[in-house]
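The values are calculated or read from the model by the stated rules, or taken from the named source; none is laboratory data. In this text, all values refer to a predicted model and were calculated from it rather than measured experimentally. Here the Cβ positions follow ideal geometry from the backbone for every residue, glycine too, while neighbour counts run over all protein chains shown. Quick note on the areas: whole protein, heavy atoms, side chains included, nothing else; ligands and nucleic acids left out. Shrake-Rupley method; radii C 1.70, N 1.55, O 1.52, S 1.80 Å.
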Amino acid sequence: MISMENKRRWHGFYIGIILAFLPMGNAHALLERGKYSETEKAAFAFYTLAGLKPGFRDWVRDSEVYLKASEEDRPRIMDEQLVRLQEGFADFHPDEDFVRVGAMVPVKLPAISPDDLAGKYRDARPVMIMPPSDDDMIYFPFQIGETWISIVPTRQRQLQPLLVSNAGYEKIKSNLRFDASFGKRTMDGVYIEFYFRPRKAETKEPVKIGSLETWIMTGDIASIEIWDTRREIFLWGYSAPWFTSERAGELLDLYGKK
């Protein structure tokens, strides 16, 4: 898990991100070896799309195994880790790997007028999730070495608001817990998880978001899941039309959620 609690505060609350790469079709060697952290895999996606060589030495210097090593062992660890990262980066296939992003986020259920309930919200109701945003751009940042990279879904109207089935809405409403901590505030929250297909790395210049300079990686949302804050109760899910049921089934089976 990539936890950002000790690194940055976002608009009054903290966000934790999980990034896990999922095989589309046959799993390749990168996943089978299990030699890479989720942060490293996400960064492989960015640098592969950018056509740039990562600063692997910075990654190693910031790693737990290197920081905990003695001065005597560090040169050996540096060499071993450089080989490991170079192999993983060479094996990475952007067309075969999706990214799983998860975050605890505040949520609001807007009041709906009787007319809207009988009209535009008859079959689906709005749920407002509130991940980090800047000028209406929703982003999910993570750090690798000294570099910040933010995952930015395209077609962000899909996220704000989410249009949830009536049954899903009632399940979310009945399972909201006032136990999600965001900075100094406790709010109603949910755990949102989505599968993300990386498409483009913005390499012209980093974007300034508040006090953070971050590079941007954009892509498509393949599917969304909403869970309660304890990640015990599945509340609602959605798959994009292009994301086939066969592939969605493979992903859910992989994570034991069938």
(Q) So, in region 132-171, how many residues would count as being closer than 27 Å to Asp62 by Cβ and modelled with pLDDT of 85 or more? (A) 15
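Which of the strands (runs of 3 or more DSSP E) found entirely inside region 77-178 contain at least 2 residues meeting this: touching a residue at least 12 places away in the same chain (Cβ under 8 Å) and aliphatic (A, V, I, L, M)? Let's see the steps before the verdict.
Working: elements: 97-108, 124-129, 140-144, 147-153, 162-165.
It comes to 97-108, 124-129, 147-153, 162-165.
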Q) Among the numbered criteria (1) of a type in the set (S, T, N, Q); (2) at pLDDT 85 or above; (3) under 23 Å from the mean Cα position of the chain (by Cα), which single criterion is violated by Ser174? A) (3)
Q. Could you say whether any residue in region 13-24 is touching a Gly at 6+ places or on another chain (Cβ under 7 Å), open to solvent by less than 20 Å² (accessible area, probe 1.4 Å) and at pLDDT below 50?
A. yes
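Is one or more of the residues making up region 80-95 modelled with pLDDT under 80 and either of a type in the set (D, E, K, R) or surrounded by 11 or more Cβ atoms within 10 Å (Cβ to Cβ) (or both)? It would help to see each step written out before you state the result.
Narrowing region 80-95 to residues modelled with pLDDT under 80: 94-95.
Right, trim to either of a type in the set (D, E, K, R) or surrounded by 11 or more Cβ atoms within 10 Å (Cβ to Cβ) (or both) and you get 94-95.
The answer is yes, given that some residue of region 80-95 is modelled with pLDDT under 80 and either of a type in the set (D, E, K, R) or surrounded by 11 or more Cβ atoms within 10 Å (Cβ to Cβ) (or both).
Before we move on, is Tyr36 of a type in the set (Ser, Thr, Tyr) and at pLDDT 90 or above?
no
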